[in-house]
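Colleague: First the structure, then my questions, so here it is.
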Amino acid sequence: AREYLAKRGISDEIQQRFRIGVSPDSWDGLLGVLRDFGADEKVIVQSGLVSVNEEKERTYDRFRGRIMFPVLDVNGRPVAFGARALSPDDEPKYLNSPETPAYIKGEHLYGLFQGKDEIRKKTFVILVEGYLDLIALAQFGVTNVAASLGTAFTEQQAKLLGRFSKSVVINYDGDTAGVKAARRAIEQLLPQDFDVKVLVLPNGKDPD
């Protein structure tokens with residue numbers, strides 16, 4: 001995990017700021033810890049941190065052998081995780097927490113907790129799609145950024161952004177999917193009186 005992050009140019013300081021970690025490559029690494037802490041089995045299942053094999057009624061860790069990106073709410077509380085595979089054979093490449101009683105994905109923006117002060121100071125926000133897009137920008141000192149986590153941008157996310165700035169620069173991937181996603185975001189932002197600009201990067205590049 002450390003090698004991968006170093007290869008991507010992500011410093012120790014940025015890893016700490018975004019609380020990046022790793023999940024052990026084990027079926028019950030986290031499950032054992034949760035049980036040792038006396039967590040209720042029903043709550044463990046509801047947390048989205050484990051998966052249940054319906055046939056055998058077996059519970060096991062959802063995230064195994066992956067780089068972990070905690071999704072913090074606007075007050076800095078972890079409500080979900082994004083996880084990137086370390087092995088090229090692992091599918092999917094990105095695995096995210098499911099929706100839970102604590103987490104509705106269309107209501108949060110990754111990195112907003114870390115970036116909100118700078119967004120207010122600079123009076124605009126750069127909206128990107130993924131964890132590593134936002135982290136790569138932070139690594140180079142661009143911190144007035146929030147990420148919509150690859151889901152269709154929602155009205156609730158627009159309202160959340162509007163608490164910090166009404167000026168948005170959309171910087172999604174330059175491919176067809178990114179252009180479509182940008183269009184959908186604009187449709188949510190304009191009715192809420194945002195000043196919207198779109199930054200299209202050349203040659204299909206992404207912010208990272």
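The values are calculated or read from the model by the stated rules, or taken from the named source; none is laboratory data. All values derive from a computational prediction rather than experimental measurement. FYI the Cβ positions are ideal-geometry reconstructions off the backbone, even for glycines, and counts take in every protein chain you see. For accessibility, only protein heavy atoms count, side chains too; no ligands or nucleic acids. Shrake-Rupley method; radii C 1.70, N 1.55, O 1.52, S 1.80 Å.
Colleague: So, in region 97-115, how many residues would count as being open to solvent by less than 40 Å² (accessible area, probe 1.4 Å) and either farther than 28 Å from Ile44 by Cα or of a type outside the set (A, V, I, L, M) (or both)? Show your work before the answer.
Modeller: Step one: list which residues in region 97-115 are open to solvent by less than 40 Å² (accessible area, probe 1.4 Å), which gives 97, 100, 103, 106, 108-112, 115.
Narrowing further to those that are either farther than 28 Å from Ile44 by Cα or of a type outside the set (A, V, I, L, M) (or both): 97, 100, 103, 106, 108, 110-111, 115.
So the count comes out to 8.
Colleague: Something else now. On the basis of being at pLDDT 95 or above, out of contact with any Phe, Trp or Tyr (no Cβ under 8 Å at 6 or more places or on another chain) and open to solvent by 70 Å² or more (accessible area, probe 1.4 Å), does Lys159 make the cut?
Modeller: Yes.
Colleague: May I ask you to list the residues in region 158-176 that are among the aliphatic types (A, V, I, L, M) and either over 15 Å from Tyr110 (Cα atoms) or part of a loop (DSSP other than H, G, I, E, B) (or both)?
Modeller: Within region 158-176, Val168, Val169 meet the criteria.
Colleague: Can you tell me how many residues within region 162-174 are open to solvent by 30 Å² or more (accessible area, probe 1.4 Å) and either farther than 12 Å from Phe194 by Cα or acidic (Asp, Glu) (or both)?
Modeller: Here the count works out to 1.
Colleague: Sort out which residues of region 146-180 are of a type in the set (Phe, Trp, Tyr) and closer than 23 Å to Leu95 by Cα, and write them in order of number.
Modeller: Listed by number, the residues that qualify are Phe153, Tyr172.
Colleague: Within region 67-103, how many residues are without any contact (Cβ under 8 Å) to a residue 12 or more places away in the chain and either in contact with a strand residue (DSSP E or B) (Cβ under 9 Å, 6 or more places away or on another chain) or within 13 Å of Leu160 (Cα to Cα) (or both)? Don't jump to the end; show me each part of the working.
Modeller: Filtering region 67-103 down to residues without any contact (Cβ under 8 Å) to a residue 12 or more places away in the chain leaves 77, 88-89, 91-93.
With the extra rule that they be either in contact with a strand residue (DSSP E or B) (Cβ under 9 Å, 6 or more places away or on another chain) or within 13 Å of Leu160 (Cα to Cα) (or both), the set shrinks to 91-93.
Of the residues in region 67-103, 3 are without any contact (Cβ under 8 Å) to a residue 12 or more places away in the chain and either in contact with a strand residue (DSSP E or B) (Cβ under 9 Å, 6 or more places away or on another chain) or within 13 Å of Leu160 (Cα to Cα) (or both).
Colleague: Filter region 100-153 for residues that are under 13 Å from the mean Cα position of the chain (by Cα) and acidic (Asp, Glu); which is farthest from Leu5 (Cα to Cα)?
Modeller: Among those residues, the one meeting the criterion is Glu107.
Colleague: Given the conditions (1) modelled with pLDDT of 95 or more; (2) surrounded by 16 or more Cβ atoms within 10 Å (Cβ to Cβ); (3) in a loop (DSSP other than H, G, I, E, B); (4) not hydroxyl-bearing (Ser, Thr, Tyr), report the number of the one that Gly141 does not fulfil.
Modeller: Among (1) modelled with pLDDT of 95 or more; (2) surrounded by 16 or more Cβ atoms within 10 Å (Cβ to Cβ); (3) in a loop (DSSP other than H, G, I, E, B); (4) not hydroxyl-bearing (Ser, Thr, Tyr), the lone unmet condition for Gly141 is (2).
Colleague: Conditions: (1) modelled with pLDDT under 95; (2) open to solvent by 80 Å² or more (accessible area, probe 1.4 Å); (3) assigned to a helix (DSSP H, G or I). Leu132 meets all but one. Number of the miss?
Modeller: Failed condition: (2).
Colleague: Across region 177-206, which residue is surrounded by the fewest Cβ atoms within 10 Å (Cβ to Cβ) among those that are assigned to a loop (DSSP other than H, G, I, E, B) and not basic (Lys, Arg)?
Modeller: Going through the qualifying residues, I end up with Asp193.
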